[in-house]
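Rule-based calculations on the coordinates, nothing more; no lab input. None of these values were measured; they are calculated from a predicted model. Every residue, glycine as well, gets a Cβ built from its backbone with ideal geometry; the counts of neighbours run over all protein chains shown.
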Amino acid sequence: MREAAIVGVGCTGFRSTMPEVSYKELMFEAATRAYEDAGVDPRRDIDSFICCSEDYWEGFSIFDEFVPDQLGAVLRHLFTVSADGLYGLATAYMLIRTGAFDVVAIEAHSKASDILTYADIVAFAMDPIFNRPLGGHPFYVAGLEMNRYLHETETTKEMCAHVVVKNKKNALNNPYAAYGANITVDDVLASETLFYPLKRLDISPLVDGCIVTILASDTVARKLTDTPVWIKGVGWNSDTPWLETRDWGRATHVELAARMAYKTARIRNPRKEICLAEIDDIFSYKELENLEALGFCGRGEAGKLTEEGITDRDGDLPVNPSGGLLGVGYSLETSGLQKLLEIVLQLRGEAGERQIPNVGTGLAQVWRGIPTASGAVAVLSTNYR
Amino acid sequence: MFAKKRVAVVGAGLTLFRRNLKQTGRELAYEATRMALDSAGLTVKDIDCVTLGTAPDAFDGIHMKGENLLDGAGAWRKPYSRVFVGGGTGVFTANSGWWHVASGLFDTCLVVAEEKMSSCFPHPQYAFTTIFDPIMSRPLGMNLVWIFAIEMHRYMHVHGIKKEQIALVSVKNKGNAMDHPCAQLPAKITVEDVLNSEVMVWPVQRLDISPTSDGAAALVLASEDVAKKVTDDPVWIDGVGWCIDSTYWTNRDLYFPKYVECAARMAYKMAGIKNPPKEIDVAEPYDPFDYKELHHMEGLLLCKKGEAPKLTEEGVTQRDGDLPINPSGGLLGVGNPIAAAGLMKVCEIFWQLRGEAGKRQVPNDPRTGVAQAWGDLMQYGSVIVMRS
């Protein structure tokens, strides 16, 4: 079967607000950088474009209408996947494996600063009959989930705070990151409680930004670049949309998505075979829960690993060296591509001050956020076989 | 642009198209999904992945509507995602099912399209006010019928087409729908009825337009190996195509849908079709308005530009004509629950090529069919070519 590799990435960087540019200008900037990086002409070389967006984040119905011009995709093949950018990557991977496509571009962006009532928009994703009438900021779901996870696994709030400290520190070395900081566990614990037991600093803040990624088939990838980053496996999965019946103490959809990705990537022992991971950390406890679901450690062990420094950038298993969503910022459907970008830069050896030496295989994972139980995983490697 | 693996359709399901206040979107999706699985002789356990299509979240007022519908579509604890290309979504969802299987990652894929427009009060047109550019167009208070009236006018002007010729499409499709068990607005009407119906936005009149609706449709797709085990007569998806034109529709000449041509060429190339009018036996072009059927026949290269009205007048596009167009009754007759209506067209081609279309069956054993949908701001074409 045909292999696929990432041959180009383009990013605008992330900031809490970018009032000087529209989403169209953000997309143009990221796309131009990605095309330049890959050495492709969108009017000639790209067989399909994939945009990842949700109408309500954008304030439009049928947002698909507004994407072709700034990507160079007018009268070319383009479509929208209503999900995170990592789903876009999985889709592009499938297109290339069919044999009918050689180069596919994936775009995702966030203009979260245009959303004046974020909590109300998220509330529209709650079940309209059973959950939405309960009111309140929907992040209470994360509070409940964190409580259950801490209870079932005997993880502590201090361990979760450790994740925040680590990720914000990592972000200080990432020029794309908006929320790098040197803070302590006590700072996190002393911050305001918003959705018990979630504190203000346990929650990743929203940012604006855009990423475009170019995927190519093996023969084309080798022509375009000396440093292709191969897609070894992708997986995505959804647990039930019903809050009432899902597992609250573990991320079942991540376990299933990982199983799918590991199968194609032929990974049996993720801890040994994967050198670094960029995983979902919209909320601090999620990084720990996801580490366990991805099979990097047993249930209830992720907190200890984090306290021991194993997931630090210079640790045995660096997790979120980019700064993660806690340090870079939460860019809605772009989150998955931001994680993917970091893996690509690390595997290419282009991560600058935060470069981890001798890394060959990396993993990116993303969750679609409250109130979903859906997410995607991708395993990448510098090795073709 | 050739795929290595063949993908087959092995089952299809379709709900009634109606204003249906008592069923939720999930229940509609469940009904169609269940029918498709039953017709394929499979259960949800045999399904490897699910792809869903549904048009704007604003109809239901549910953000991330795909997530909300997932268990109705049989996607619990399965790889699941939603594609969205406006009105083109229905046919495009089948395209997305194709690549799930053609990639070799999955052996079976459930394709589900759902639409529930009746929950949008007072009318789904209000949801459509938010599809326009917020600075340039939205302040005008536009709705869809306005812009399609502009397009219809331009098409009529360039080719010198009369309203009487266009009305024939509505007469034909509503007549065809008399034989469709799911149809919402089947009717025996005349050209005079269309021309005497209420003017909405000139030249569009009430009977030129398809009705808003609720409904769902579903397909089961399988790889070649699995298809041969579960059915004796699979229908193969041999070509898929899609294309988008510029957002700035005011800068385009609306008389011809270039994006449909581009999507059709992509699908025809994949399917190895060189002479579409000769090689295609039955077609389901998108007909939310009667002029759109003509417009899309030309976009699909089934005839020359401006020739579609003549073919219609000569009866070539009748169910027993040389090139049957919309034998199902199309959106004008069966109804227009947007994403579900697009997939209904793919279901119809599936049934026609299997010889299972009952009273709607096109004569002479059709072997090759094409379905097409149209979406976004008069800018999107999605096309699928199927063979028995």
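Could you check what % of the DSSP bridge pairs in chain A are antiparallel, to the nearest 5?
On the way: 37 of 51 bridges.
Antiparallel bridges make up about 75 percent of those DSSP assigns within chain A.
Given the C-alpha centroids of region B:184-215 and region A:310-360, what is the distance between them in whole angstrom?
Each part's Cα centre sits 57 Å from the other's.
Where the centroid of each part is defined by its Cα atoms, how far is region A:1-64 from region A:90-147 in Å?
Computed from Cα coordinates, the inter-centre distance equals 18 Å.
Determine the distance separating the Cα centre of region B:255-272 from the Cα centre of region A:244-288; give it in Å without decimals.
A separation of 41 Å, based on Cα centres.
With only alpha-carbon pairs counted, each pair once and no self-pairs, how large is the Kirkwood hydrodynamic radius of region A:267-336 in angstroms?
Numbers: mean 1/r = 0.0816 Å⁻¹.
Computed over region A:267-336, the radius equals 12.3 Å.
If you line up the long axis of helix A:252-265 against the longest principal axis of chain A, both from Cα atoms, how many degrees apart are they, to the nearest 10?
On a 0 to 90 degree scale, this one is about 40.
Peptide A:67-78: average number of partner chain Cβ atoms within 10 Å per residue?
Details: counts 3, 10, 5, 1, 1, 0, 4, 9, 10, 7, 8, 6.
The shielding value for this peptide is 5.
In peptide B:261-268, how many Cβ atoms from other protein chains are near each Cβ within 10 Å, on average?
Working: counts 1, 3, 1, 0, 0, 5, 0, 0.
The mean count of partner-chain Cβ atoms within 10 Å per residue comes to 1.
Please report the antiparallel percentage of the DSSP beta bridges confined to region A:240-385, to the nearest 5. The partial results should precede the final answer.
On the way: 7 of 11 bridges.
Approximately 65 percent, going by the DSSP bridge assignments.
With the convex hull built on the Cα atoms of chain B, state its orientation-averaged projected area in nm². Show your work: numbers first, answer last.
On the way: hull surface 68.6 nm².
Mean projected area of the Cα convex hull: 17.1 nm².
Within a 10 angstrom radius of each residue's Cβ in B:233-244, how many Cβ atoms of other chains show up on average? Whole number is fine.
On the way: counts 0, 0, 0, 0, 0, 0, 1, 3, 1, 5, 9, 16.
Mean number of neighbouring Cβ atoms from other chains: 3.
Report, ordered by chain and residue number, the lysines lying within cross-link reach of A:LYS24, taken as a straight Cα distance under 28 Å and ignoring same-chain residues fewer than 8 apart.
Reachable lysines: A:LYS111, A:LYS339, B:LYS65, B:LYS258.
How far apart, in nm, are the 7 Å Cα→Cβ label points at B:LYS229 and B:LYS162?
6.0 nm
Step through the residues of region A:81-96 one at a time and calculate ³J(HN,Hα) from phi using the Karplus curve (6.51 cos²θ - 1.76 cosθ + 1.60, θ = phi - 60°), rounding each to whole Hz and writing x for Gly and Pro.
Calculated HN-Hα couplings, in order: 9, 7, 6, 5, x, 5, 5, x, 4, 4, 5, 4, 4, 5, 4, 5 Hz.
Put one equal scatterer on each alpha carbon of region B:232-388, apply the Debye formula with no solvent term, and list log10 I(q)/I(0) at q = 0.14, 0.17 1/Å to two decimals.
The Debye formula, applied to the Cα set alone, gives -0.61, -0.93.
Using Cα positions and a limit of under 23 Å, work out the lysines in reach of A:LYS199, with same-chain residues fewer than 8 apart set aside.
Answer for A:LYS199, where 23 Å is the Cα cut-off: A:LYS157, A:LYS166, A:LYS168, A:LYS169, A:LYS286, A:LYS304, listed by chain and number.
Exactly which GluC sites (Glu not before Pro) in region A:312-380 are in a DSSP loop and have at most 15 other Cβ atoms within 10 Å? Working shown, then result.
Details: sites: A:GLU333, A:GLU342, A:GLU350, A:GLU353; in loops: A:GLU350.
For GluC sites (Glu not before Pro) across region A:312-380 that sit outside H, G, I, E and B with at most 15 neighbouring Cβ atoms in 10 Å, the list reads A:GLU350.
If amide H atoms are built 1.01 Å from N in the plane of the peptide, which residues on other chains or at least 5 residues away come under 5 Å of the amide H of B:GLN205?
Residues meeting the amide H criterion: B:MET200.
Could you list the residues of region A:237-252 with an amide nitrogen less than 12 Å from a label point located 7 Å from the Cα of B:ARG77 in the Cα-to-C-beta direction?
Under 12 Å, as judged by backbone N against the label point of B:ARG77, lie A:238-240, A:246-247, A:252 of region A:237-252.
What number in nm² do you get for region B:183-290 if you take the convex hull of its Cα atoms and divide its surface by four? Show your work: numbers first, answer last.
Working: hull surface 43.9 nm².
Spelled out: convex hull of the Cα atoms, projected over all directions, averaged, 11.0 nm².
Just the C-alpha atoms of region B:1-145: what Rg/Rh do they give, with Rh taken as the Kirkwood radius? Present the calculation step by step, with values, prior to reporting the outcome.
Values: Rg = 16.7 Å, Rh = 16.4 Å.
We get a ratio of 1.02 for region B:1-145.
So if I average 1/r over every pair of distinct C-alpha atoms in region A:142-206 and take the inverse, what Kirkwood radius in Å does that give?
Values: mean 1/r = 0.0812 Å⁻¹.
One decimal place: 12.3 Å for the Kirkwood radius.
Efficiency by 1/(1 + (r/R0)^6): what FRET value for A:VAL21 and B:THR129, r their Cβ-Cβ distance, R0 = 41 Å, to the nearest 0.05? All intermediate terms of the calculation are to be shown ahead of the outcome.
Numbers: r = 26 Å, r/R0 = 0.63.
Given R0 = 41 Å and the Cβ-Cβ separation, E is 0.95.
Given a Förster distance of 25 angstrom, what is the FRET efficiency for A:GLN355 paired with A:GLU308, based on the Cβ-Cβ distance and rounded to 0.05?
Values: r = 23 Å, r/R0 = 0.91.
In this case the efficiency is close to 0.65.
Need one number: % antiparallel among DSSP beta bridges in chain B, to the nearest 5. Working shown, then result.
Values: 39 of 53 bridges.
Restricted to chain B, the bridges split so that about 75 percent are antiparallel.
Taking a label point 7 Å from the Cα of B:ILE150 along the Cα→Cβ vector, which residues of region B:233-270 have an amide N closer than 18 Å to it?
Of the residues in region B:233-270, B:245-259 have backbone N under 18 Å from the label point off B:ILE150.
Starting from region A:22-80, pick out the trypsin sites (Lys or Arg not before Pro) whose DSSP state is loop and whose Cβ has at most 15 other Cβ atoms within 10 Å. Write down the numbers at each step before the final one.
Details: sites: A:LYS24, A:ARG33, A:ARG43, A:ARG44, A:ARG76; in loops: A:ARG43, A:ARG44.
Passing sites in region A:22-80 are A:ARG43, A:ARG44.
In nm, give the distance between the simple-model label positions of A:GLU244 and B:LYS310, each being 7 Å from the Cα along the Cα-to-Cβ direction.
Spacing of the two 7 Å Cα→Cβ label points: 6.3 nm.
Helix by helix through chain B, keep the DSSP H runs that span 15 Å or more along the axis on Cα and average at least -0.5 on Kyte-Doolittle, and give those back in order. Could the numbers behind the result be given before it?
Working: long enough: B:25-40 (23 Å, -0.38); B:89-102 (19 Å, 0.24); B:144-159 (23 Å, 0.61); B:163-176 (20 Å, -0.60); B:258-271 (20 Å, -0.05); B:338-354 (25 Å, 0.98).
Membrane-span-like by this criterion, though nothing is claimed about a membrane: B:25-40, B:89-102, B:144-159, B:258-271, B:338-354.
Under a crude label model (7 Å from the Cα following the beta-carbon direction), how far is B:ARG206 from A:GLU192 in nanometres?
For B:ARG206 paired with A:GLU192, the spin-label model returns 5.6 nm.
Which whole-Hz couplings ³J(HN,Hα) result when phi for each residue of region B:363-376 is put into the Karplus expression 6.51 cos²θ - 1.76 cosθ + 1.60, θ = phi - 60°, listed in order with x for Gly and Pro?
Couplings: x, 6, 6, x, 10, 10, x, 9, 10, 8, 10, 9, x, 6 Hz.
Just the projected area, averaged over all directions, of the convex hull on the alpha carbon atoms of the protein assembly as shown: how many nm²? Can you show the working numbers first?
Values: hull surface 116.9 nm².
So the mean shadow area of the Cα hull is 29.2 nm².
Loop only by DSSP, 12 or fewer other Cβ within 10 Å of the Cβ. Give me the trypsin sites (Lys or Arg not before Pro) in region B:163-192 that pass, ordered by residue number.
Answer by residue number: B:LYS188.
Which ³J(HN,Hα) values in Hz, rounded to whole numbers, follow from the phi angles of region A:134-144 under the Karplus curve 6.51 cos²θ - 1.76 cosθ + 1.60, where θ = phi - 60° and Gly and Pro get x?
Karplus-based 3J(HN,Hα) across region A:134-144 equals 5, x, x, 6, x, 5, 4, 4, 5, x, 4 Hz.
For chain B, just give the cysteines left without a disulfide-compatible partner, judged by no other Cys Cβ under 4.7 Å.
Flagged as lacking a Cys partner: B:CYS49, B:CYS109, B:CYS120, B:CYS182, B:CYS303, B:CYS347.
Search the structure for amide H atoms under 5 Å from the amide H of B:GLU284, placed 1.01 Å from N in the peptide plane, and list their residues when 5 or more places away or on another chain.
The answer is B:ASN326, B:VAL370, B:ALA371, B:GLN372.
Work through the residues other than B:TYR259 whose Cβ is under 14 Å from its Cβ and net out their charges, Lys, Arg +1 and Asp, Glu -1. Provide the component values of the computation, followed by the final result.
Values: positive: A:ARG76, B:ARG252, B:LYS258, B:ARG265, B:LYS292; negative: A:ASP64, A:GLU65, A:ASP69, B:GLU151, B:ASP245, B:ASP253, B:GLU261, B:GLU298, B:ASP376.
After counting each charged neighbour, the total is -4.
Could you pull out every residue, at least 5 positions away or on a different chain, whose amide H is within less than 5 Å of the one on A:GLY233? Hs are placed 1.01 Å off N in the peptide plane, and Pro or chain starts have none.
Distant-sequence amide H within range of A:GLY233: A:VAL379.
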